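Only one structure is covered here, and it is reproduced in the block below.
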Amino acid sequence: MLRDAWVKLFAIGLVALAVSAPARAYEVAKVADGGTITGKVTYPGVVPAKKKIVPTKDREVCGSGVREVDQILLTADKSVQDAIVYLKKVDKGKAWDKPARTPQIDNVKCDFRPHVQVMRVGDFDIVNSDPILHNTHGFLDRLTVFNVALPNQGQRITKQLKRPGLVRVECDAHGWMLGWVYVADNPYYALTAKDGTFTIKDVPPGSYTLVGWQEYTGAVEVPVTVKAKEVVSVTVELKKK
Ligand SMILES: [Cu+2]
């Protein structure tokens, strides 16, 4: 009887341990024989119509006419600029790059600059370059991760982004404003250049899932195998879901 009670208690303890165990944090380790993933993000699908933005307030700063914005930045050969690529579930590997300055998002003429960026967990500056109120509001799914009123020009407020994931940034004062911050959980990521290319270096040999994401198409996943000191070339083809 007593023994049964102990077994039960032990089982409960195990379950509690499993539930409370946090996701494994990324561990920096020397990568002596790393490989390189290089390639291009493309979108061969139908080019979407431009998004029409009509500022409805603060027109002296936000502009008074209709602004047409590309939903996906394409070159003539269907390569995609400003797509995010990253490796999923990497536990261990190279050190993080040290950014020259704290990552930031700036409110400029009622637009977010940059429109899309990648950073690691940590400090994030929210800046207002406009002489009007912006209310910068970041969401991870539906969860608010920051919500900052910036009434003054030149204002800068530092927040901490504590959780990895894709943060959608909106402005509660100007409904058309939209930006994206991908908070990476490992340093194996890139943002595609103007010609759609990217390079991810010092990848420990192994098999991975490479994710490509763009705001109009959403994400696609591509399996990739990296061999020691070799370069593997990948084309990430985005598809509109
Ligand atoms: Cu605003």
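By the Stokes-Einstein formula, at 1.002 mPa s and 20 °C, the chain with its Kirkwood radius over alpha-carbon pairs has D equal to 106 µm²/s. Dividing the convex hull volume of the alpha carbon atoms of the stretch 181-240 by its residue count gives 98 Å³ per residue.
Positive contributions from Lys and Arg (+1) and negative ones from Asp and Glu (-1), summed over other residues with Cβ under 13 Å from the Cβ of residue 94, come out at 0. The label-point distance for residue 57 and residue 102, in a model that sets each label 7 Å from Cα toward Cβ, rounds to 2.8 nm. Which net charge results for the neighbourhood of residue 163, defined as the other residues with beta-carbon distances under 11 angstrom from its beta-carbon, given Lys and Arg at +1 and Asp and Glu at -1? Charge balance in the 11 Å sphere: -1. According to the Cα-based calculation, Rg over Rh for the stretch 87-168 is 1.00, with Rh computed by the Kirkwood formula.
The dipole here belongs to the stretch 60-182: it is taken about the Cα centre, uses +1 on the Cβ of Lys and Arg and -1 on the Cβ of Asp and Glu, and is about 720 debye.
Projecting the Cα atoms of 140, 171, 46 onto the charge dipole of the chain (Cβ charges, centred on the Cα centre) puts 140 farthest toward the positive pole. Taking 7 Å steps out from each Cα toward its Cβ at residue 139 and residue 207 produces label points 3.7 nm apart. Note on the chain: with charges restricted to the Cβ of Lys and Arg (+1) and Asp and Glu (-1), its dipole about the Cα centre is near 380 debye.
Computed from point charges on the beta carbon alone (+1 for Lys and Arg, -1 for Asp and Glu), the dipole magnitude for the stretch 125-204 about its Cα centre is near 140 Debye.
Taking other residues whose beta carbon is less than 13 angstrom from the beta carbon of residue 207, and scoring Lys, Arg as +1 and Asp, Glu as -1, yields +2.
Of the trypsin sites (Lys or Arg not before Pro) found in the stretch 38-141, those that fall in a DSSP loop while having at most 15 other beta-carbon atoms within 10 Å are 50, 57, 88, 89, 101, 109.
FYI, it's all coordinate maths here, none of it is from the lab. If you're wondering where the values come from, they're calculated on a predicted model, not measured in any experiment. As a convention, Cβ positions derive from the backbone with ideal geometry for all residues, glycine included, and neighbour counts pool all protein chains shown.
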